[in-house]
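Visitor: Right, I'll just put the structure down here and ask away after.
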Amino acid sequence: MSSTATVTALFLVVVVLAFISTTTAEIRFTEIRSDPRPIIPFDEFGFTHNGRLELNVSKLSFSSTDLDLSKLGFFFCTRDSWLQVLQQIEDGEIACALQSNIIKQVYSFNSLSKGATRFDHYYPQSDADQYTLVFANCLPQLKVSMNVRSAMYNLEGKSKTRDYLSAGITILPRVYFLFSLIYFTLAGTWIYLLYKKRLTVFGIHFFMLAVVILKALNLLCEAEDKSYIKRTGTAHGWDVLFYIFSFLKGITLFTLIVLIGTGWSFLKPYLQDKEKKVLMIVIPLQVVANIAQVVIDESGPYGQDWVTWKQVFLLVDVICCCAILFPIVWSIKNLREAARTDGKAAVNLMKLTLFRQYYVVVICYIYFTRVVVYALETITSYKYLWTSVVAAELATLAFYVFTGYNFKPEAHNPYLAVDDDDEEAASEQLKLEDEFEL
Ligand SMILES: *[C@@H]1O[C@H](CO)[C@@H](O)[C@H](O)[C@H]1NC(C)=O
């Protein structure tokens with residue numbers, strides 16, 4: 001089995017795709033202090049034909065007086081046109097991004113009344129597209145200080161209610177709610193199964209129930225959190241609950257994959273030292289990953305520490321994903337050896353097939369939720385950003401269902417009920433496998 005090759009390939013692709021950006025959409029406050037940057041990007045937002053921007057700038061001050069204020073201002077720019085603007089500057093056509101004809105000028109500091117340290121500006125955006133709000137300072141050596149509040153939203157329906165979620169993700173509250181209902185149903189089904197097969201229930205089955213319930217609660221909080229942002233533009237509704245449940249969900253899911261991989265509780269009642277070590281690596285790393293996730297969500301793609309935390313998150317995530325594969329590989333190795341020595345080839349072959357399948361499914365799950373979803377996010381138009389969320393949730397659902405179905409409590413243990421024909425066939429297959437080193 002070329003597991004190392006697979007894992008390495010996975011790692012590389014994840015690293016290559018490391019720089020993805022998300023569309024955040026909240027009312028944001030940004031403090032800028034003596035900042036000499038020529039370009040300061042704020043938030044990105046997907047507008048419909050009824051988009052609006054509210055810009056409130058206060059505590060405005062400059063490092064020198066007597067300036068050409070037309071060289072300072074806010075503008076909107078799409079990602080594609082930004083590349084063209086850079087080209088124009090490089091070709092010497094324009095000296096300042098604000099002079100370009102492809103940007104949408106929002107506010108030029110020219111309009112600032114003399115001596116003013118604050119202004120409010122309202123800008124209707126009727127061209128549907130995804131724009132980034134950018135501040136340009138085309139005066140070299142000038143340092144700018146200001147407090148910026150930016151609110152971007154779309155007006156929805158006849159009642160013109162404000163929708164603070166970007167155009168492509170505005171249906172996410174409903175999507176998350178729907179998925180949480182599915183998981184609550186799964187949890188109910190699982191409880192029923194545990195009750196019906198209570199004689200063959202192991203500890204791990206209760207752990208699986210906890211994982212499903214946490215996933216359902218996490219989705220419910222995410223639905224409420226997103227719908228709160230949608231209505232108010234701020235994230236402080238259920239976000240704390242959401243972070244708590246995603247933290248617990250993350251830790252329990254990774255622990256569950258490790259425990260199933262080791263065969264704990266249904267193959268053996270204890271964990272080996274090296275298996276415990278995997279848990280001791282994965283659990284603290286999950287704590288770090290969750291802290292990183294909170295910072296990433298709160299700071300937005302143009303925040304100062306965003307890139308650093310994104311890299312921390314990706315690194316930790318990749319280590320966790322690799323670490324959880326080891327116990328499964330060890331179990332597969334042990335089962336192969338046992339199959340050769342203890343004469344119960346059929347029993348062991350069945351377990352072996354199960355563990356091999358599980359290994360492949362875990363790899364697919366990791367690959368899909370990390371790589372395919374990021375790829376989808378990058379290539380889909382801003383209007384359909386929700387599709388990558390749906391794809392990730394469907395893959396996760398499939399993974400939960402597969403795990404539950406394959407490791408469910410059985411009324412009669414299939415590992416023990418094997419007849420002689422199966423035994424012979426299994427021995428043959430093991431011999432064949434040995435020859436080909438599958
Ligand atoms: C921000 O500016 C908008 C548009 O001028 C105005 O309606 C709103 O009241 C201002 N908000 C604050 C908090 O000053």
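Visitor: Relative to the first principal axis of the alpha-carbon coordinates of the chain, what is the inclination of helix 3-16, with its axis defined by its Cα atoms, in degrees from 0 to 90 and to the nearest 10?
Guide: Taking Cα atoms only, the helix is inclined about 10 degrees.
Visitor: Under the rule of -39500 (n - 2.57) per DSSP H run of 4 or more residues, summed and divided by the residues of the chain, what mean residue ellipticity at 222 nm is obtained, to the nearest 500 deg cm²/dmol?
Guide: On the way: 12 runs with 235 residues, N = 438.
Helix contribution divided over all residues of the chain: -18500 deg cm²/dmol.
Visitor: Mark the label point 7 Å from the Cα of V287 along Cα→Cβ and return the residues of segment 223-249 whose backbone N is within less than 17 Å of it.
Guide: 244-249
Visitor: At a 4.7 angstrom Cβ threshold, list every cysteine in the chain that has nobody to pair with, or say none.
Guide: When partners are defined as cysteine Cβ atoms under 4.7 Å apart, the chain leaves C77, C221, C320, C321, C322, C364 without one.
Visitor: Computed FRET efficiency, Cβ-Cβ of E90 and H49, R0 45 Å: what is it to the nearest 0.05?
Guide: Working: r = 33 Å, r/R0 = 0.74.
The formula returns an efficiency of 0.85 here.
Visitor: Working with all protein chains in place, sort F368, F245, F135 by solvent-accessible area computed with a 1.4 Å probe, largest first.
Guide: Numbers: F368 70, F245 40, F135 0 Å².
Accessible-area ranking of F368, F245, F135, largest first: F368, F245, F135.
Visitor: Students sometimes get this wrong: rank T30, T308 by accessible area, probe 1.4 Å, all chains present, largest first.
Guide: Numbers: T30 45, T308 80 Å².
From most exposed to least exposed: T308, T30.
Visitor: Provide the solvent-accessible area of S34, counting protein heavy atoms only and rolling a 1.4 Å probe, rounded to the nearest 10 Å².
Guide: Its heavy atoms expose roughly 70 Å² to the probe.
Visitor: Between L155 and Y405, what's the calculated FRET efficiency when r is the beta-carbon distance and R0 is 35 Å? Round to 0.05.
Guide: Values: r = 46 Å, r/R0 = 1.32.
Once the sixth-power term is evaluated, E becomes 0.15.
Visitor: All other residues with a Cβ under 12 Å from the Cβ of A235 taken together, and with Lys, Arg as +1 and Asp, Glu as -1, what is their net charge? If you can, show how the numbers build up before the last one.
Guide: On the way: positive: R28, K226, K230, R231; negative: E26, E222, E224, D225, D239, D297, E298.
Charge balance in the 12 Å sphere: -3.
Visitor: Which whole-number percentage describes the relative contact order of segment 3-163, with Cα contacts under 8 Å and a sequence gap of 6 or more? Could the numbers behind the result be given before it?
Guide: On the way: 307 pairs, mean separation 69.6, N = 161.
Relative contact order, segment 3-163: 43 percent.
Visitor: Per 5 Å bin from zero, what fraction in whole % of the C-alpha pairs of segment 3-163 is there, up to the bin with the longest pair?
Guide: With a bin width of 5 Å, the distribution comes to 2, 8, 16, 18, 17, 14, 10, 6, 4, 3, 2, 1, 0, 0.
Visitor: Relative to the longest principal axis of the chain, what angle (0 to 90°, nearest 10) does the C-alpha long axis of helix 79-90 take?
Guide: For 79-90 against the chain, the angle is about 50 degrees.
Visitor: Taking the simple approach of a point 7 Å from Cα along Cα-to-Cβ for both Q141 and T232, what is their distance in nm?
Guide: 4.8 nm
Visitor: Can you sort H121, H205, H49 by solvent-accessible area, 1.4 Å probe, largest first? Numbers along the way, then the final one.
Guide: Values: H121 50, H205 5, H49 130 Å².
So the residues, ranked largest to smallest area, are H49, H121, H205.
Visitor: Turning to a different aspect of this structure: Using a cut-off of 14 Å between beta-carbons, work out the net charge of the residues near Y359 (Lys and Arg +1, Asp and Glu -1, Y359 not included). It would help to have the intermediate numbers written out before the result.
Guide: Working: positive: K333, R336, K351, R356; negative: none.
In short, +4.
Visitor: Here's something else I'd like to know. Suppose R0 equals 60 Å. What FRET efficiency, 1/(1 + (r/R0)^6) with r the Cβ-Cβ distance, do R162 and D273 give to the nearest 0.05? Can you show the working numbers first?
Guide: Details: r = 57 Å, r/R0 = 0.95.
It comes to 0.60.
Visitor: Please state the relative contact order of the chain as a whole percent: Cα pairs under 8 Å, 6+ residues apart?
Guide: 18 percent
Visitor: Report the extension gain between V360 and D68 in nm, rounded to one decimal, defined as 0.36 nm multiplied by the number of residues separating them, less their alpha carbon distance.
Guide: Numbers: separation 292, 0.36 × 292 = 105.12 nm, distance 6.29 nm.
So the chain would gain 98.8 nm between V360 and D68.
Visitor: If you don't mind, there's one more thing I want to ask. For the chain, max minus min Cα coordinate along each principal axis, in Å, sorted largest first?
Guide: Result, largest extent first: 94, 46, 34 Å.
Visitor: What nm value, rounded to one decimal, do you get for the distance between R198 and I39 when each label is placed 7 Å out toward the C-beta?
Guide: Taking the simple label geometry, R198 and I39 are separated by 6.6 nm.
Visitor: Skip the ligands, DNA and RNA, and give the accessible area per residue of segment 3-163 with a 1.4 Å probe, whole Å². Can you show the working numbers first?
Guide: Values: 8270 Å² over 161 residues.
Normalised by residue count, the accessible surface of segment 3-163 is 51 Å².
Visitor: Sticking with this structure for a sec: Label points 7 Å out from Cα along the Cβ direction at S126 and S61: separation in nm?
Guide: Going from the S126 label point to the S61 one covers 4.1 nm.
Visitor: Sticking with this structure for a sec: Between I379 and S113, what length comes free when the chain is fully extended (0.36 nm per residue of separation minus the Cα-Cα distance, one decimal in nm)? Before the final figure, lay out each step's value.
Guide: Working: separation 266, 0.36 × 266 = 95.76 nm, distance 4.37 nm.
Between I379 and S113, full extension yields 91.4 nm more.
Visitor: Provide the solvent-accessible area of D68, counting protein heavy atoms only and rolling a 1.4 Å probe, rounded to the nearest 10 Å².
Guide: Result for D68: roughly 70 Å² accessible.
Visitor: Ignoring everything but the protein chains, give the 1.4 Å probe accessible area of I283 in square angstrom, nearest 10.
Guide: Probe radius 1.4 Å; accessible area of I283 about 60 Å².
Visitor: Give me the net charge of F266's neighbourhood, meaning all other residues with Cβ under 14 Å from the Cβ of F266; Lys, Arg count +1, Asp, Glu -1. Please report the intermediate quantities before stating the final value.
Guide: On the way: positive: K197, K268, K351, K408; negative: E410.
Neighbour charge sum, excluding F266 itself: +3.
Visitor: Say a paramagnetic label sat at a point 7 Å from the Cα of V240, along Cα to Cβ; which residues of segment 280-314 have their backbone N under 18 Å from it?
Guide: What the label zone holds, given the 18 Å backbone N cut-off, is 291, 294-295, 298.
The values are calculated or read from the model by the stated rules, or taken from the named source; none is laboratory data. Everything numeric here is computed off the predicted structure, so don't read it as measured data. Reconstructed Cβ throughout: ideal geometry from the backbone, glycine too, with neighbour counts over all protein chains shown. To get the accessible areas, we keep the full protein, side chains included, count just its heavy atoms, and leave off ligands, DNA and RNA. Shrake-Rupley method; radii C 1.70, N 1.55, O 1.52, S 1.80 Å.
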